[in-house]
Structure formats: structure tokens, C-alpha cells
Amino acid sequence: MVELKSKAEIQKIAESGRMVAAVLNKLKSMVKPGLITQDLDDTARKMTRDFGARPAFLGYRGYTAAVCVSINEEVVHGFPSKKRVLKEGDIVSLDFGVEYGGYYADAALTAGVGQISIKAKKLMDVTEQSLYKGIEKAAVGYRLHDISSAVQKHAESNGFSVVRDFVGHGVGRKLHEEPLVPNYGREGTGIFLEAGTVIAIEPMVNEKGFDVVVLADEWTVVTKDKGLSAHFEHTVAITEAGPVILTKE
Ligand code: CO
């Protein structure tokens, strides 16, 4: 069952969403060669504490960081570390969520470290564009897999692949709610989208094949073929007035 949110609840999610956006914008500005990735986590924790909020991922199913930091062939759920340093040419995905006053918001972005390759830049751009193609379909009158199909078409028509094993999700009173929001699927299928539905749309797009594996740390997801991967995510409310991105400052 998809739990529909009232306008007041959507405002609460938006409040959490503004915090998520503020943190991610700050973290993005810190991304440069030589940065120790633990610094990203420390900054996120401090900012979240100052907001009086809680980092949503810390302690979630045993995850031990506030921000997921996933570099190059790492797709999602990588760990920040004192031993991991960003280097010129890397791409780094930052995924962050907040809970404030009982409501969650979740977003992600991928940033380039210094000068990056043309291929890496294209992968990042296409992934972000595919997120926005999906968001356009997050409206009354469309069906769930219209979002999925829009994401998939944009990624694949640019020569990339979309991850199957991890998907977007409903979000609000919990970090993960119904419905699941895949980044692949057939137009005109899935549930009819209703006003009051709040979802995290989060394409994970790979340079080469879509297959992924989970490392021995039981969290870090990497591409099987070691190709690059990018990730962009917004929490979006479906309203009578159209899609509203809640993870914005
Ligand atoms: Co998410």
C-alpha cells in the first residue's frame, strides 16, 4: 500500500529535504583532489546536528556512516574513510538522508574530482538528465513505470545501462516505503500515480554493463565489469500541480 501524504506532511518532508540539499551542496563544494572522504561524513554529521536533525542512514540496518561515498566503479553504499583520499579524475557519488520531526528525505549526486574524462562527464550528465526525465513523469495521469521507462530510455539511448538490483522507493515517515521505483520498465504499466505520493527517484547508471556485485564489507556495491557508475536522486512529491522536488534549498 502506498501511504498518501497530506499537504502538511509534504511540507514536513520538504523541511527535511532542505537540510539534505544544504548538506549535499556543502559536500559537493568540498570535493577536490586530496580530500579525505571521512571529512565529508564529519561535515554532514555536524551540519545535521546543528539543524537539530538526525542522519537517516547512520545505524540503518547496521550502516555505520552518515553519508554514502561511492567512488568510480562503486555504485552505491560505499563508506567514507580516513584512509580514502579523492584523486584527480575520480567521480564520487554522495548519498545522504535526514530525519527531522519524524519525516525523511533522501537525495544523491555525483561530482567530478578536478579534471575528469569526457566519458565520465557524459555519464554524470546523462544520469542527472535521466533523473529529470523520470521526475517529469511523477505526475497524476501517469503510471509508475512511466517514470522507470523514461529513466531507462534516456540512459540506454546514450549508450549506458541502468542498475537493476537497486531501485528508488517511497519515502516519508520511513526511509523506505512503498512503492519500489525501478529505473527500468515498460511505459503504461504499474500503479496509477496519485497526488500525495512521495518517492525517491534514484537512477544508478553504469558506463558498461548493468550487473553489480556487493563487496565483502556487505555494503559497497560495485559494477561487475569495473566500469564507472553515477547516481543522482531527489525526493519528489506528486501533487495536483505536478511534480515537486523536495530535496532543494
Ligand atoms: Co534512496
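Of all residues in region 95-121, those being within 16 Å of the ligand (Cβ to nearest atom) and more than 22 Å from ASN206 (Cβ to Cβ) number 6.
Checking the structure you have, find out if any residue of region 137-158 is within 20 Å of GLY78 (Cβ to Cβ), charged (D, E, K, R) and open to solvent by 30 Å² or more (accessible area, probe 1.4 Å). No, region 137-158 contains no residue that is within 20 Å of GLY78 (Cβ to Cβ), charged (D, E, K, R) and open to solvent by 30 Å² or more (accessible area, probe 1.4 Å).
Residues are listed down the side, and each one gets a yes or a no for (1) within 14 Å of the ligand (Cβ to nearest atom); (2) closer than 23 Å to ILE118 by Cα; (3) in a loop (DSSP other than H, G, I, E, B):
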site: GLY172; (1), (2), (3): yes, no, yes
site: LEU175; (1), (2), (3): yes, no, yes
site: ASN183; (1), (2), (3): yes, no, yes
site: LYS208; (1), (2), (3): no, yes, yes
site: LYS226; (1), (2), (3): no, yes, yes
site: GLU249; (1), (2), (3): no, no, yes
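Of everything in region 192-206 that is away from the ligand (no atom under 16 Å from the Cβ) and among the hydrophobic types (A, V, I, L, M, F, W, C), the residue that is most open to solvent (accessible area, probe 1.4 Å) is PHE192.
Of the residues making up region 141-161, not a single one is within 16 Å of the ligand (Cβ to nearest atom), part of a loop (DSSP other than H, G, I, E, B) and within 19 Å of GLU240 (Cα to Cα).
The values are calculated or read from the model by the stated rules, or taken from the named source; none is laboratory data. These numbers come from a predicted model, not from an experiment. Note that each Cβ is placed from the backbone with ideal geometry, even for glycine, and that neighbours are counted across all protein chains shown. Just so you know, the surface numbers come from the protein's heavy atoms only, side chains and all, with ligands and any DNA or RNA stripped out. Shrake-Rupley method; radii C 1.70, N 1.55, O 1.52, S 1.80 Å.
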